[in-house]
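Here is the structure we will look at, set down as C-alpha coordinates.
The values are calculated or read from the model by the stated rules, or taken from the named source; none is laboratory data. Quick caveat: nothing in here was measured; it's all calculated off a predicted structure. Neighbour counts run over all protein chains shown; Cβ positions are idealised from the backbone, glycine included. The accessibility values were calculated without ligands, DNA or RNA, using every heavy atom of the protein model including side chains. Shrake-Rupley method; radii C 1.70, N 1.55, O 1.52, S 1.80 Å.
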Amino acid sequence: MLVIRRDLVDAMVAHARRDHPDEACGVVAGPEGSDRPERVVEMINAERSPTFYRFDSTEQLQVWRAMDAADEEPVVIYHSHTATEAYPSRTDVSYASEPNAHYVLVSTRDPQEYELRSYSIVDGVVTEEPVEVVESYMFAHTGSDDIPDRG
Amino acid sequence: MAVNVSIPTILRTHTGGQKSVEADGSTVAEVINDLDSRHTGLKDRLVKEGALHRFVNVYVNDEDVRFVGGLEASVSDGDSLTILPAVAGGMR
(Lines give C-alpha, C1' and ligand atoms only; values in the text may rest on other atoms or scores of the structure.)
Protein backbone atom coordinates (compact mmCIF):
# COMPACT_ATOMS: atom_id res chain seq x y z
CA MET A 1 0.00 0.00 0.00
CA LEU A 2 1.19 3.48 -0.88
CA VAL A 3 0.05 6.27 1.41
CA ILE A 4 0.81 9.61 -0.18
CA ARG A 5 -0.10 13.26 0.36
CA ARG A 6 -2.40 14.88 -2.13
CA ASP A 7 -0.02 17.77 -2.91
CA LEU A 8 2.62 15.23 -4.01
CA VAL A 9 0.12 13.45 -6.28
CA ASP A 10 -0.90 16.83 -7.72
CA ALA A 11 2.76 17.69 -8.36
CA MET A 12 3.43 14.40 -10.19
CA VAL A 13 0.31 14.78 -12.31
CA ALA A 14 1.15 18.41 -13.13
CA HIS A 15 4.63 17.35 -14.20
CA ALA A 16 3.22 14.57 -16.39
CA ARG A 17 0.75 17.01 -18.02
CA ARG A 18 3.44 19.62 -18.61
CA ASP A 19 5.78 17.16 -20.37
CA HIS A 20 3.03 15.47 -22.37
CA PRO A 21 3.37 14.12 -25.10
CA ASP A 22 6.85 13.18 -23.82
CA GLU A 23 7.13 10.87 -20.85
CA ALA A 24 7.83 12.64 -17.54
CA CYS A 25 9.85 11.01 -14.76
CA GLY A 26 11.08 11.66 -11.26
CA VAL A 27 11.27 10.48 -7.69
CA VAL A 28 9.59 11.31 -4.42
CA ALA A 29 12.21 11.22 -1.70
CA GLY A 30 11.49 10.42 1.92
CA PRO A 31 13.39 9.55 5.08
CA GLU A 32 15.26 6.24 4.77
CA GLY A 33 13.19 3.31 5.97
CA SER A 34 10.08 5.46 6.62
CA ASP A 35 8.06 4.50 3.53
CA ARG A 36 6.82 8.12 3.65
CA PRO A 37 7.16 10.16 0.45
CA GLU A 38 7.91 13.80 1.27
CA ARG A 39 9.64 15.64 -1.55
CA VAL A 40 9.01 15.49 -5.32
CA VAL A 41 12.16 15.70 -7.42
CA GLU A 42 11.33 16.17 -11.10
CA MET A 43 14.00 14.58 -13.27
CA ILE A 44 14.99 15.30 -16.85
CA ASN A 45 13.91 12.61 -19.29
CA ALA A 46 17.20 12.23 -21.16
CA GLU A 47 15.31 10.39 -23.93
CA ARG A 48 12.80 13.26 -24.43
CA SER A 49 10.48 10.73 -26.01
CA PRO A 50 6.77 9.88 -25.95
CA THR A 51 7.64 6.19 -25.59
CA PHE A 52 10.80 6.03 -23.45
CA TYR A 53 12.29 7.60 -20.39
CA ARG A 54 15.71 7.50 -18.82
CA PHE A 55 17.03 9.58 -15.95
CA ASP A 56 19.92 11.80 -17.07
CA SER A 57 22.85 9.99 -15.46
CA THR A 58 24.65 13.13 -14.28
CA GLU A 59 21.52 14.59 -12.74
CA GLN A 60 20.75 11.22 -11.15
CA LEU A 61 24.13 11.16 -9.41
CA GLN A 62 23.53 14.65 -7.98
CA VAL A 63 20.03 13.78 -6.79
CA TRP A 64 21.10 10.43 -5.29
CA ARG A 65 24.00 12.13 -3.45
CA ALA A 66 21.68 14.79 -2.08
CA MET A 67 19.29 12.09 -0.85
CA ASP A 68 22.16 10.16 0.69
CA ALA A 69 23.42 13.26 2.50
CA ALA A 70 19.92 13.88 3.89
CA ASP A 71 19.39 10.21 4.88
CA GLU A 72 16.67 9.94 2.28
CA GLU A 73 15.83 7.33 -0.30
CA PRO A 74 13.62 7.26 -3.41
CA VAL A 75 10.36 6.12 -1.77
CA VAL A 76 8.52 6.59 -5.08
CA ILE A 77 9.90 6.34 -8.60
CA TYR A 78 7.37 7.72 -11.06
CA HIS A 79 6.95 8.16 -14.76
CA SER A 80 4.13 8.82 -17.16
CA HIS A 81 2.62 6.86 -20.00
CA THR A 82 1.22 9.21 -22.55
CA ALA A 83 -0.77 6.90 -24.80
CA THR A 84 -1.31 3.74 -22.75
CA GLU A 85 -2.71 2.71 -19.38
CA ALA A 86 -0.77 3.20 -16.15
CA TYR A 87 0.68 -0.31 -16.11
CA PRO A 88 4.41 -1.19 -16.22
CA SER A 89 5.71 -2.27 -19.62
CA ARG A 90 8.20 -5.11 -20.09
CA THR A 91 10.99 -2.54 -20.35
CA ASP A 92 9.81 -0.81 -17.16
CA VAL A 93 9.97 -4.15 -15.35
CA SER A 94 13.40 -5.07 -16.72
CA TYR A 95 14.89 -1.84 -15.39
CA ALA A 96 13.16 -1.85 -12.00
CA SER A 97 15.94 -2.20 -9.47
CA GLU A 98 14.69 -0.65 -6.25
CA PRO A 99 12.85 -3.48 -4.51
CA ASN A 100 11.60 -1.18 -1.74
CA ALA A 101 10.36 1.60 -3.99
CA HIS A 102 6.79 2.23 -5.06
CA TYR A 103 6.75 2.44 -8.84
CA VAL A 104 4.06 4.97 -9.67
CA LEU A 105 2.69 5.33 -13.18
CA VAL A 106 0.59 8.25 -14.33
CA SER A 107 -1.29 7.95 -17.59
CA THR A 108 -2.02 11.18 -19.42
CA ARG A 109 -3.68 9.59 -22.45
CA ASP A 110 -6.99 11.20 -21.48
CA PRO A 111 -6.64 15.01 -21.46
CA GLN A 112 -9.39 15.38 -18.84
CA GLU A 113 -8.82 12.50 -16.44
CA TYR A 114 -5.56 11.10 -15.22
CA GLU A 115 -4.95 7.54 -14.05
CA LEU A 116 -2.41 6.98 -11.25
CA ARG A 117 -1.47 3.50 -10.07
CA SER A 118 1.32 2.09 -7.92
CA TYR A 119 3.27 -1.16 -8.09
CA SER A 120 6.02 -2.99 -6.34
CA ILE A 121 8.40 -4.65 -8.78
CA VAL A 122 10.69 -7.28 -7.26
CA ASP A 123 12.75 -9.70 -9.33
CA GLY A 124 10.58 -9.06 -12.36
CA VAL A 125 7.32 -9.69 -10.52
CA VAL A 126 4.82 -6.82 -10.70
CA THR A 127 2.32 -6.45 -7.87
CA GLU A 128 -0.21 -3.65 -7.93
CA GLU A 129 -0.86 -2.01 -4.57
CA PRO A 130 -3.65 0.25 -3.34
CA VAL A 131 -2.95 3.99 -3.23
CA GLU A 132 -4.36 6.00 -0.36
CA VAL A 133 -4.24 9.75 -0.93
CA VAL A 134 -4.26 11.72 2.32
CA GLU A 135 -4.24 15.41 3.17
CA SER A 136 -1.59 14.95 5.84
CA TYR A 137 0.41 12.05 7.25
CA MET A 138 -0.30 13.17 10.78
CA PHE A 139 -3.67 11.47 11.05
CA ALA A 140 -3.24 8.70 8.51
CA HIS A 141 -3.27 5.21 9.94
CA THR A 142 -3.38 6.01 13.60
CA GLY A 143 -4.67 3.12 15.56
CA SER A 144 -5.29 2.94 19.30
CA ASP A 145 -1.68 1.73 19.64
CA ASP A 146 -0.41 5.04 18.36
CA ILE A 147 -2.08 7.19 21.00
CA PRO A 148 0.58 8.23 23.47
CA ASP A 149 0.04 7.37 27.11
CA ARG A 150 -1.07 10.29 29.17
CA GLY A 151 1.06 10.50 32.24
CA MET B 1 45.70 2.13 -5.51
CA ALA B 2 42.68 2.17 -3.28
CA VAL B 3 39.36 3.51 -4.43
CA ASN B 4 36.16 3.68 -2.47
CA VAL B 5 33.26 2.00 -4.26
CA SER B 6 29.68 2.77 -3.29
CA ILE B 7 27.29 -0.08 -3.83
CA PRO B 8 23.57 0.40 -4.56
CA THR B 9 20.94 -1.43 -2.49
CA ILE B 10 20.23 -3.93 -5.23
CA LEU B 11 23.86 -5.19 -5.27
CA ARG B 12 24.51 -5.26 -1.55
CA THR B 13 23.72 -8.96 -1.40
CA HIS B 14 27.17 -9.35 -2.99
CA THR B 15 28.91 -7.25 -0.33
CA GLY B 16 27.27 -8.69 2.76
CA GLY B 17 25.06 -5.61 3.05
CA GLN B 18 27.91 -3.09 2.99
CA LYS B 19 27.12 0.26 1.34
CA SER B 20 30.70 0.90 0.34
CA VAL B 21 33.81 -1.22 -0.08
CA GLU B 22 37.44 -0.67 -1.03
CA ALA B 23 38.97 -1.91 -4.24
CA ASP B 24 42.17 -1.59 -6.25
CA GLY B 25 42.85 -0.87 -9.90
CA SER B 26 43.97 1.82 -12.30
CA THR B 27 41.02 1.45 -14.69
CA VAL B 28 37.32 0.82 -14.13
CA ALA B 29 37.76 -2.69 -15.54
CA GLU B 30 40.56 -3.47 -13.07
CA VAL B 31 38.52 -2.15 -10.17
CA ILE B 32 35.56 -4.32 -11.21
CA ASN B 33 37.81 -7.40 -11.50
CA ASP B 34 39.25 -6.70 -8.07
CA LEU B 35 35.74 -6.24 -6.65
CA ASP B 36 34.63 -9.50 -8.18
CA SER B 37 37.55 -11.37 -6.60
CA ARG B 38 36.28 -10.36 -3.15
CA HIS B 39 32.56 -10.15 -3.85
CA THR B 40 31.78 -12.95 -6.24
CA GLY B 41 29.16 -12.28 -8.85
CA LEU B 42 29.41 -8.49 -8.91
CA LYS B 43 31.12 -8.41 -12.29
CA ASP B 44 28.25 -10.27 -13.94
CA ARG B 45 25.88 -7.60 -12.69
CA LEU B 46 27.98 -4.79 -14.16
CA VAL B 47 29.57 -6.07 -17.34
CA LYS B 48 28.06 -7.81 -20.31
CA GLU B 49 30.00 -8.86 -23.40
CA GLY B 50 32.97 -6.70 -22.50
CA ALA B 51 31.00 -3.49 -21.95
CA LEU B 52 29.12 -1.92 -19.09
CA HIS B 53 25.63 -3.31 -18.75
CA ARG B 54 23.00 -0.83 -19.93
CA PHE B 55 21.12 -1.27 -16.65
CA VAL B 56 23.84 0.38 -14.57
CA ASN B 57 25.61 3.71 -14.40
CA VAL B 58 29.18 3.80 -13.12
CA TYR B 59 30.82 7.06 -12.13
CA VAL B 60 34.41 7.95 -11.29
CA ASN B 61 34.02 10.87 -8.90
CA ASP B 62 31.45 13.04 -10.74
CA GLU B 63 31.93 11.61 -14.21
CA ASP B 64 29.72 8.99 -15.89
CA VAL B 65 32.39 6.61 -17.24
CA ARG B 66 30.42 6.13 -20.48
CA PHE B 67 31.64 9.59 -21.47
CA VAL B 68 35.28 9.06 -20.49
CA GLY B 69 36.30 5.71 -21.95
CA GLY B 70 33.92 3.20 -20.39
CA LEU B 71 35.65 0.25 -18.76
CA GLU B 72 39.03 1.69 -19.79
CA ALA B 73 38.41 4.97 -17.94
CA SER B 74 41.30 5.60 -15.59
CA VAL B 75 41.00 5.58 -11.83
CA SER B 76 43.48 7.15 -9.40
CA ASP B 77 44.30 6.51 -5.79
CA GLY B 78 41.69 8.13 -3.59
CA ASP B 79 39.03 8.36 -6.30
CA SER B 80 35.52 7.25 -5.57
CA LEU B 81 33.59 4.94 -7.82
CA THR B 82 29.81 5.06 -7.60
CA ILE B 83 27.49 2.43 -9.02
CA LEU B 84 23.84 3.37 -9.52
CA PRO B 85 21.09 1.40 -11.22
CA ALA B 86 19.95 3.18 -14.37
CA VAL B 87 16.35 4.37 -14.02
CA ALA B 88 14.62 3.92 -17.33
CA GLY B 89 11.67 2.38 -19.09
CA GLY B 90 9.62 2.43 -22.20
CA MET B 91 6.36 1.48 -23.75
CA ARG B 92 7.21 -2.03 -24.94
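Tell me which residues come under 5 Å, amide H to amide H, from B:ASN57 once H is placed; ignore anything under 5 positions away on its chain.
Excluding prolines and chain starts, which carry no amide H, the hits are B:LEU84, B:ALA86.
Tell me, what ³J(HN,Hα) does each residue in segment A:82-97 have, in order and in whole Hz, if you take phi through Karplus 6.51 cos²θ - 1.76 cosθ + 1.60 with θ = phi - 60° and put x for Gly and Pro?
9, 10, 10, 5, 7, 9, x, 7, 4, 5, 4, 5, 5, 8, 5, 10
Mean residue ellipticity at 222 nm from the helices of chain A, using -39,500 (n - 2.57) per DSSP H segment of n ≥ 4 over the full residue count, to the nearest 500 deg cm²/dmol?
After summing the helix terms and dividing by the residues of chain A, the value is -6500 deg cm²/dmol.
Can you give me the accessible area per residue for segment A:12-151, using a 1.4 Å probe, in Å²?
Values: 7360 Å² over 140 residues.
Dividing the accessible area of segment A:12-151 by its residue count gives 53 Å².
Restricting to DSSP loop positions (anything but H, G, I, E, B) with no more than 13 other Cβ atoms inside 10 Å of their own Cβ, which GluC sites (Glu not before Pro) remain in segment B:5-92?
Sites meeting the loop and neighbour criteria: B:GLU49.
Exactly which trypsin sites (Lys or Arg not before Pro) in segment B:1-52 are in a DSSP loop and have at most 12 other Cβ atoms within 10 Å?
Within segment B:1-52, the qualifying trypsin sites (Lys or Arg not before Pro) (loop, at most 12 other Cβ atoms within 10 Å) are B:LYS19.
To the nearest 10 degrees, how steeply does helix A:57-69 sit against the main Cα axis of chain A, on a 0 to 90 scale?
For helix A:57-69, the angle is close to 10 degrees.
Heavy-atom accessible surface, probe 1.4 Å, ligands and DNA/RNA ignored: which residues of segment B:1-42 lose at least 50 Å² versus the isolated chain?
Listed by number, the residues meeting the 50 Å² cut-off are B:ILE10.
Run the dipole for the protein assembly as shown about the Cα centre, Lys and Arg Cβ at +1, Asp and Glu Cβ at -1, nothing else charged, and hand back the magnitude in debye, nearest 20.
The calculation lands at about 480 debye.
Can you sort A:TYR114, A:TYR78, A:TYR95 by solvent-accessible area, 1.4 Å probe, largest first?
My answer, sorted largest first, is A:TYR114, A:TYR95, A:TYR78.
Relative to the longest principal axis of chain A, what angle (0 to 90°, nearest 10) does the C-alpha long axis of helix A:6-19 take?
Orientation of helix A:6-19: about 10 degrees from the principal axis.
Taking R0 as 41 Å, what's the FRET efficiency between B:ASP44 and A:SER136 from their Cβ-Cβ distance, rounded to 0.05?
0.35
With chain A treated as a Gaussian network of Cα nodes joined by springs under 10 Å, which of A:PRO50, A:PRO74, A:PRO99 yields the largest mean-square fluctuation?
Among A:PRO50, A:PRO74, A:PRO99, the largest mean-square fluctuation in the Gaussian network model of chain A belongs to A:PRO99.
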